[in-house]
1. For residues that are open to solvent by 100 Å² or more (accessible area, probe 1.4 Å) and closer than 17 Å to Asp12 by Cα, scanning just the stretch 161-182, find the one that is modelled with the lowest pLDDT.
2. Determine which single condition Lys590 fails, assuming it passes every other condition in (1) under 18 Å from Ile257 (Cβ atoms); (2) modelled with pLDDT under 95.
3. Of all residues in the stretch 647-659, which are open to solvent by less than 40 Å² (accessible area, probe 1.4 Å) and among the polar types (S, T, N, Q)?
4. Against the definition (small (Gly, Ala, Ser), free of Cβ contacts under 8 Å to residues at least 60 places away in the same chain and closer than 24 Å to Asp519 by Cβ), how does Gly217 come out, yes or no?
5. Among (1) at negative phi; (2) modelled with pLDDT under 95; (3) surrounded by fewer than 24 Cβ atoms within 10 Å (Cβ to Cβ), there is one condition Leu389 misses while meeting the rest; what is its number?
6. List the residue pairs whose Cβ atoms are under 6 Å apart, where the first residue sits in the stretch 41-64 and is open to solvent by less than 70 Å² (accessible area, probe 1.4 Å), the second is basic (Lys, Arg), and the two are 6 or more positions apart or on different chains.
7. Could you identify the single residue in Phe292, Phe310, Phe273 that is surrounded by 22 or more Cβ atoms within 10 Å (Cβ to Cβ) and not acidic (Asp, Glu)?
8. I'd like the full set of residues that are under 23 Å from Gly299 (Cβ atoms) and either in contact with a Ser or Thr (Cβ under 9 Å, 6 or more places away or on another chain) or without any contact (Cβ under 8 Å) to a residue 24 or more places away in the chain (or both), limited to the stretch 421-430.
Amino acid sequence: MSKKFNFENYIDCVVKIIPLNVAALAAMTLYRIFFFFFFKNIALFGHFRDIFNAFVLGLRFDLSILAYINSFVILIFTILLLIRNLRLFKKAIFIIKLWYCLSFIAIALATAIDFGFYICFGEHVNILLFDFFDDDTFALIKTIISDWRFYIALPALILVVFIICKIVSISTKELLNIRRLINSSYLNVFVKILIVLLIPLITFLFARGTVSMFPLGKFHAQISTNSFINNIALTAAHSITDAIQAKTEQSRDKINIAKKLGLDEEDIDLSIFSKISIKNTEAEEIKPNVVFIVLESFGELPVLYNSEKFNILGELKKHFDEDLVLYNFLPAGVITIHCLESTILNMPQRPFSIQVTQSPKAYKHFSSSLILPYKKSGYVTKAVYGGSLAWRGLEDFLKAQGFDEIYGEGSIKNEHRHEWGINDAQFFEIVLRELKNNNKPQFIYAMSTATHPPYKTPPYYKPLKLEIPKELEHMMPGEPHLKRIFETYQFANREASKFLDIVKNSEFKDNTIVVITGDHNLREVKAFVPEELFKRYAVPMYLYVPEKLKKKIDANITACHIDIAPTLYDLSLSQVEYIAAGVSMLDQDKNHIAFNSNGFILSRDKAVLFNIENGKILYFNFDAKSKILSLTEPTDEHNFMLEYYKRTISASDMYINQK
């Protein structure tokens, strides 16, 4: 027998840890089966295929966890193979044994916590878990102990820990057995090197769980219209990891923004957000449906270059020509969640703040909720998201804000899916289906996901001519897939056009308002100089209003995401009270000021860029025709814009954080 830890020892150890992992995988699967039968309900009838897929996906989640655990052990084996010290290997067995015991016990404990959390809240562990430490912890412990299930769970957990320790002890002891399970003496040195390289690679792939763009995570669990089925696959480890990450980010939410901006909270009046819509007799009579559509990456820059050679709008241009389109328009921020939260909460994005959807506030109903005036007016309210409802805790957030019905990518047959969800043809299919599916007036908030890296269109799509202008290429440098980006963008526009065609040629023509905007500009658009900042940020806003409901809106008005809801209230409701930071675009007497999360502020022919971190301020004149900024000295109007921004941001932060 060799006195060195050689390849034979290495491959033998790898083979001998397989039974331990098979046992662990079997235990995880048995728990998932138990979980399913413990929480299952009659609503699962007819979802048998989804249930099967959930268990298959659950197996992948479990394999991912085991791969992470085994990666440390494989690393030890590999180091030992390089050192070739058999005596050191025998000492390393203790570390391996301890590692497996602690890892499997941690999984068992996490699973027990998650199971109890699911019993209480009907969902896997989320950031609310940390309220255990923020609340009266002692009282909560007493409550848990007083529950009869605790006296079943505790002995069961102790038994599981004992079994884990016993099985791990037997398995690791087997590593010292000199009996070889595989004879590898006939392999040449190159094959051995290949095997040593392949084993960590295979472990990495199992840990990642997928070969697609994103590693396996909670995001992938949205496979069904039934939320319980989506929960079957998820593991406690993944849920707790997500919760810890959200809690870590939440530390940024403790910054007092008003103080940071040099304002006194006592001087900030939250009543400025309390408003009432105009008297609208036509809206009272018609009670129009309202469809609020947010298209992924529907930036303004490509639209500005639309032509026969660069036909980026496709058939949507006809609707742009027929109806109102605002081009001096800013999104709430630079990522999707900025838009979603701002438009649904009617509040701007706050600097240094954790997203509401990833904080305990996600479970709070805000009186500024976009849909509250519609619910009070007898509307059915629906939300449609073209991706996973697990993304950023979206489903819980939408429920808390009062949506009657919520639909995600699992709500439709998933053909030609991309990494972020369903394609725009399917997205608009859901929106149209839900628009038709009610006898009451409806408010539908719908957000797509398709114009997003890696930019995919369905294989059947035949793009229109797209000769990319040089000026556009200039603002998207180093991007090798421009054609693919614009094909996806064009596809989304053409699907939006099909939707509008159907609305305008149906019974919805005279009783449905449609607004379409983008969540942010294309990610690849850059601004090399301050003069191009507006083009870097801007998105268009399209508005279709039936003839009888039309009101005067200046097409050259400056506006942003938080101004959409107040405008819709004026167009579709009558004298309803609401809370919002934005201003109705129907108010012609108002000095409309738009801004985004990056401190870019715009009003008519003026602009300001305020860096809240270092206090640096740039002042501009704005040419609405060329969309170009030019540096200038500050004026009273610039100073008024900056003060308005500071007070609105501070007030919104106080509003969001109030008890």
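The values are calculated or read from the model by the stated rules, or taken from the named source; none is laboratory data. No experiment lies behind these values; they were computed from the predicted model shown. Virtual Cβ from ideal backbone geometry, glycine too; neighbours counted across all protein chains shown. The area values use the complete protein model at the heavy-atom level, side chains included, leaving out ligands, DNA and RNA. Shrake-Rupley method; radii C 1.70, N 1.55, O 1.52, S 1.80 Å.
1. Ile178
2. With (1) under 18 Å from Ile257 (Cβ atoms); (2) modelled with pLDDT under 95 applied to Lys590, the lone miss is (1).
3. Residues satisfying the conditions are Thr648, Ser650, Ser652.
4. Taking the combined requirement at face value, the residue satisfies it.
5. In the conditions (1) at negative phi; (2) modelled with pLDDT under 95; (3) surrounded by fewer than 24 Cβ atoms within 10 Å (Cβ to Cβ), Leu389 misses (3) alone.
6. Partner pairs satisfying both residue conditions: Gly58/Arg32.
7. Phe292
8. If the condition is that a residue be under 23 Å from Gly299 (Cβ atoms) and either in contact with a Ser or Thr (Cβ under 9 Å, 6 or more places away or on another chain) or without any contact (Cβ under 8 Å) to a residue 24 or more places away in the chain (or both), then Gly421, Ile422, Asn423, Asp424, Phe427, Phe428 are the ones that fit.
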